[in-house]
Amino acid sequence: ETFEMLIRLAENYTSTLFCNVYRNMAAEATVHVQEFFTDVGLFLFGTDVSTEEFVNRFFDTLFPVVYNHVINPGQTDISLEYAECLRAARRGIRPFGNVPKKAIGQMGRALLPSRTFLQALNLGIEVINTTDHLHFSKDCSRALLRMQYCPHCQGLTLSKPCMGYCLNIIRGCLADIAEVDLHWQGYVQSLEELSRAMSGAYDIEHVLLNFHSLVSDALVQARINGPELSEQVSKICGPPVRKRKESPGCSFDQNKDNQGLKMFSRDNEGKLANRRKEFISHLRLYRAFYGGLADQLCGNELAAADGLPCWNGEDVV
């Protein structure tokens, strides 16, 4: 949910840029902004899409809009066919300079660790759910019965098993689970390393919430190089073919989602990083969970405390 909120906030910032600074093309641009952040979400939550491809697609689709409103504005809109030519020519013309390449690098470095982190969390949940429903062998069931209830047959209802006896029985019953321990410890360590890789300049919060700045840089470059870009476009696509102008305007509702986004505002950009650190510190406490499960069970509830009379499987000692 925190990742989803982060994506919505980043989309909000980028759409607001168009509404505030490039209002005449905001209606068209915000559609492409929405598509871009939909792709970000799809990648983050496990769909097989390429970061390089969807970043390039965003700048490809943005170029005809920028050309029509910033580079070569006219009384009428460019035709769909002309827009298609511009889309196809964008990567060769490079109207946005190095910004798309920079965005590809940032998105790849920021999104992949977060995607892996989410997949790893799902794996952890799967392991916990699987090991939550154990089927004990007949030998284990018999041993548990003897440990817990045989003293009752002799009227010893208050006697608990001795610690050593309890550990032998429970460890035997949990032998299969103990095999998970080494892998679980490796899993926790990997999550810690992955969490560290998600911080710094390529932190997903930093990259997504500053994407609008990259878009702004791209638009400034296109405006500065306008005459030169018009010349290049004319060589490739010919003179602009125009159609009746659609009514411009800002279709993005800046008040929509405001209640939800207030919880995740600029003032609280470290929210995801803080939650991640908190989660890892909690998880660290359970690094040896599977290996120490028998000790926890016997020590916390099953076995008698040191120095008290206890049942050893045959008698009270």
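For the range 270-298, a residue qualifies if it is in contact with a Cys (Cβ under 9 Å, 6 or more places away or on another chain) and open to solvent by less than 50 Å² (accessible area, probe 1.4 Å), and the qualifying residues are Ala294, Cys298. For Thr76, the conditions (1) of a type in the set (Val, Ile, Thr); (2) open to solvent by less than 40 Å² (accessible area, probe 1.4 Å); (3) in contact with a strand residue (DSSP E or B) (Cβ under 6 Å, 6 or more places away or on another chain) all hold with the exception of (2). From the list Phe37, Phe18, the one residue that fits, being within 19 Å of Leu272 (Cα to Cα) and at pLDDT 90 or above, is Phe37.
Considering Val49, Val40, Val70, the condition of being open to solvent by 20 Å² or more (accessible area, probe 1.4 Å) and farther than 18 Å from Gln221 by Cβ is satisfied by Val49 alone. Assess whether Ala10 counts as being part of a helix (DSSP H, G or I), in contact with a strand residue (DSSP E or B) (Cβ under 9 Å, 6 or more places away or on another chain) and open to solvent by less than 40 Å² (accessible area, probe 1.4 Å). Judged against the criteria, Ala10 is not a match. If you check Arg109, Arg87, Arg142, Arg94 for being without any contact (Cβ under 8 Å) to a residue 12 or more places away in the chain and within 30 Å of Val220 (Cα to Cα), only one passes: Arg94.
Please list, ordered by first then second residue, the pairs with beta carbon atoms under 8 Å, 6 or more apart or interchain, first in the range 277-290 and in contact (Cβ under 8 Å) with a residue 12 or more places away in the chain, second among the small types (Gly, Ala, Ser) and surrounded by 14 or more Cβ atoms within 10 Å (Cβ to Cβ). The qualifying pairs are Lys277/Ser195; Ile280/Ser195; Tyr290/Ala178. Restricting the first member to the range 1-23 and to residues that are under 24 Å from Phe63 (Cβ atoms), and the second to residues that are open to solvent by 20 Å² or more (accessible area, probe 1.4 Å) and polar (S, T, N, Q), the beta-carbon pairs closer than 7 Å and six or more apart or on different chains are Glu11/Gln34; Thr16/Gln254; Leu17/Ser216; Cys19/Gln254. Checking each residue in the range 146-185 for being at pLDDT 90 or above and open to solvent by 70 Å² or more (accessible area, probe 1.4 Å) picks out Asn168, Arg171, Leu182, His183.
The residue list Gln106, Gln119 contains one member that is in contact with a helix residue (DSSP H, G or I) (Cβ under 8 Å, 6 or more places away or on another chain) and either assigned to a loop (DSSP other than H, G, I, E, B) or open to solvent by 40 Å² or more (accessible area, probe 1.4 Å) (or both), which is Gln106. Residue count for the range 199-237, restricted to those that are under 16 Å from Asn68 (Cα atoms), touching a residue at least 12 places away in the same chain (Cβ under 8 Å) and not hydrophobic (A, V, I, L, M, F, W, C): 6.
The values are calculated or read from the model by the stated rules, or taken from the named source; none is laboratory data. Nothing here was measured: the structure is a model prediction, and the numbers come from that model. Every residue, glycine as well, gets a Cβ built from its backbone with ideal geometry; the counts of neighbours run over all protein chains shown. Accessible surface areas use protein heavy atoms only, side chains included; no ligands, DNA or RNA. Shrake-Rupley method; radii C 1.70, N 1.55, O 1.52, S 1.80 Å.
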